[in-house]
Amino acid sequence: MKNHTYEQRKAYRLANEKPILDVFWKWLDERKPRKGSHFETAVNYAKNRKADLMTYLEEGQCSFSNNLSENAIRPFTGKTPASSKQMQALLKI
């Protein structure tokens, strides 16, 4: 979808991805996880972030991947002492 406009991405997502997410949310709502379980934690985590995830469908400029962000910080996360110091400085900002 790299060569598509934001509006084209939005239309595609609403037509093709929203139905899948709707099924997922319905499935999630039907789950009755045991209190205190890891699954309950995961279900609550997803439900608490539903609105944020659904924004992805409406905003064509949003990317579901964070590869660009990861690649941008890669020079600061190397294994050398210099790169470690750079990352420490960056995190202080």
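The values are calculated or read from the model by the stated rules, or taken from the named source; none is laboratory data. Remember, it's a predicted structure, so these values are computed and weren't measured experimentally. Counting neighbours? That spans all protein chains shown, and the Cβs are built from the backbone with ideal geometry, glycine included. When the accessible area is computed, the model is the full protein with side chains, heavy atoms only, and any ligands, DNA or RNA have been set aside. Shrake-Rupley method; radii C 1.70, N 1.55, O 1.52, S 1.80 Å.
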In deg cm²/dmol, rounded to 500, what helix-only [θ] at 222 nm does the chain give when every DSSP H run of at least 4 residues adds -39500 (n - 2.57) and the total is split over its residues? -18500 deg cm²/dmol
Rounded to two decimals, what ratio of Rg to Rh does the chain give with C-alpha atoms and a Kirkwood Rh? 1.13
How many Å² of accessible area per residue for the range 1-78, probe 1.4 Å? 80
Sorted list, accessible surface of protein heavy atoms, 1.4 Å probe, largest first, for 52, 29 is 52, 29
Starting from the range 1-65, pick out the trypsin sites (Lys or Arg not before Pro) whose DSSP state is loop and whose Cβ has at most 12 other Cβ atoms within 10 Å. 2, 31, 34, 35, 49
Name the lysines eligible as straight-distance cross-link partners of residue 18: C-alpha to C-alpha under 21 Å, and not fewer than 8 places from it in the same chain. 2, 10, 26, 47, 50
Can you tell me the 0 to 90 degree angle between the C-alpha axis of helix 18-30 and the longest principal axis of the chain, rounded to 10? 80
In the full protein assembly as shown, how much of residue 63 is accessible to a 1.4 Å probe, in Å² to the nearest 10? 80
